Amino acid sequence: MRESGNANIQIESMGSRVQFYTLKNQTGIQVTLTNYGAAVYRILTPDRDGRVDDIALSSPSPETFMDNKAFFGATVGRVANRIKQGRITVGCKEYQLSLNEGKNHAHGGFSGFDKKIWNGKIRNNAVEFTYTSPDKEEGYPGSVTVTVSYRLDGEGRLHIRHHAESTEDTIINLTNHTYFNLGGHASGKIYDQRLQINGGFYLESDAELIPTGQILRVGGTPFDFTQEKELGLDIHSEIPMLTNNGGYDVTFLKAERGFTRAAVLKDKKSGRCLEVFTDYPAIHLYTGNFLKDEPGLEDRVYNRHESVCLEAQRLPFASGYAHFGEIGLKAGEQMERNICYHFSAER
């Protein structure tokens with residue numbers, strides 16, 4: 001992808017440790033980040049007529065952002081998504097992780113990466129956050145150092161880089177958990193926004209959102225987004241994976257390897273378009289099903305189906321199924337993955 005220029009970066013401190021970084025480019029796009037959770041706090045983009053609005057759901061203020069339980073914009077880890085009964089095997093050793101979602105482990109535990117204050121700095125026109133997770137934090141083996149960097153270029157692309165290394169063999173699966181509503185964060189249901197996903201297979205999951213091990217074709221199901229369609233078209237279909245979860249909460253296998261386009265989201269009313277590029281092998285679609293009366297920006301209250309998460313990641317619960325691929329990280333080795341959100345407005 002051709003790049004032109006970079007964003008200006010401004011820093012604002014809240015207290016002695018929490019900081020907010022605002023990236024602005026010449027196209028009118030503004031992204032605010034925070035070292036609390038290495039998270040995206042706000043994203044402002046223009047529509048086809050140049051009107052700027054927040055397109056990411058967030059908390060009413062920086063103070064309340066640190067209390068939110070919805071993972072707004074957060075870096076999720078050590079392992080995103082669910083792990084059945086919190087049990088993992090690394091090498092020949094078994095480990096018991098914390099059980100923070102009923103009898104299962106979810107999104108890194110009670111105090112995952114989203115609840116940590118990361119070290120932030122500006123480096124090479126990017127904001128770089130680093131956190132070292134100590135050995136046995138939430139039950140995971142090894143001391144893991146993770147760096148997440150964000151860079152906004154002059155063409156409207158937000159580049160996210162994930163880097164990790166460990167002192168011991170362990171597992172890791174990071175993602176970014178931004179909730180998007182291209183009509184504006186306060187515009188309500190996303191049923192008429194159109195989504196296309198470059199993936200012909202999805203992971204079957206049970207009522208607890210644990211993958212069953214089955215990889216199924218999307219064809220002929222409500223999970224078929226291989227051709228662009230409105231999110232509301234099939235979201236209320238009477239099948240267990242939708243009725244159990246109250247909407248989409250499903251992982252798709254990316255059709256192509258390498259750094260390629262995984263998904264495109266469009267809002268016809270505003271003209272806004274979001275393209276997601278990544279070298280992660282999967283993308284998880286979540287339609288904010290568990291949001292209920294969640295306090296938001298500008299006195300807005302968020303509820304389900306008012307946002308879309310497009311979470312690039314490795315396959316969830318891969319430690320439980322060999323055919324899901326590898327999420328291991330060996331001692332001394334490095335893991336690096338990339339995500340790019342490309343924001344634009346169609347005329």
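Numbers below:
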quantity: Residue count, region 278-290 (criterion: of a type outside the set (S, T, N, Q) and surrounded by fewer than 20 Cβ atoms within 10 Å (Cβ to Cβ)); calculated: 2
quantity: Single condition Leu99 does not satisfy, out of (1) without any contact (Cβ under 8 Å) to a residue 40 or more places away in the chain; (2) assigned to a loop (DSSP other than H, G, I, E, B); (3) buried (at least 20 other Cβ atoms within 10 Å of the Cβ); calculated: (3)
quantity: Which listed residue is within 15 Å of Asn289 (Cβ to Cβ) and either among the aromatic types (Phe, Trp, Tyr) or outside any loop (DSSP other than H, G, I, E, B) (or both), from Leu195, Leu242, Leu265; calculated: Leu242
quantity: Filter pass, Asp135 being of a type in the set (Asp, Glu) and within 30 Å of Asp299 (Cβ to Cβ); calculated: no
quantity: Residue satisfying all of: in region 233-263; surrounded by 15 or more Cβ atoms within 10 Å (Cβ to Cβ) and in contact (Cβ under 8 Å) with a residue 60 or more places away in the chain; nearest to Asp206 (Cα to Cα) among these; calculated: Thr251
quantity: Selection count where residues are under 22 Å from Arg261 (Cβ atoms) and surrounded by 15 or more Cβ atoms within 10 Å (Cβ to Cβ), scope region 201-220; calculated: 5
quantity: Residue in region 1-19 that is modelled with the highest pLDDT, counting only those that are outside any strand (DSSP E or B) and small (Gly, Ala, Ser); calculated: Ala7
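Each row is one residue, and each column tells you yes or no for (1) surrounded by fewer than 22 Cβ atoms within 10 Å (Cβ to Cβ); (2) touching a residue at least 24 places away in the same chain (Cβ under 8 Å); (3) more than 23 Å from Ile160 (Cβ to Cβ).
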site	(1), (2), (3)
Asn303	yes, no, yes
Leu310	no, yes, no
Ala318	no, yes, no
Ala322	yes, no, yes
Lys330	yes, yes, yes
Glu333	yes, yes, no
Arg337	yes, yes, no
Cys340	yes, yes, no
Phe343	no, yes, no
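Rundown of residues vs (1) over 30 Å from Tyr321 (Cβ atoms); (2) surrounded by fewer than 20 Cβ atoms within 10 Å (Cβ to Cβ); (3) of a type outside the set (D, E, K, R), yes/no style:
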| residue | (1), (2), (3) |
| --- | --- |
| Thr22 | yes, yes, yes |
| Ala56 | yes, no, yes |
| Asp67 | yes, yes, no |
| Gly91 | no, yes, yes |
| Tyr95 | no, yes, yes |
| Asn104 | no, yes, yes |
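The values are calculated or read from the model by the stated rules, or taken from the named source; none is laboratory data. Everything numeric here is computed off the predicted structure, so don't read it as measured data. Note: ideal-geometry Cβ built from the backbone for every residue, glycine included; neighbour counts use all protein chains shown.
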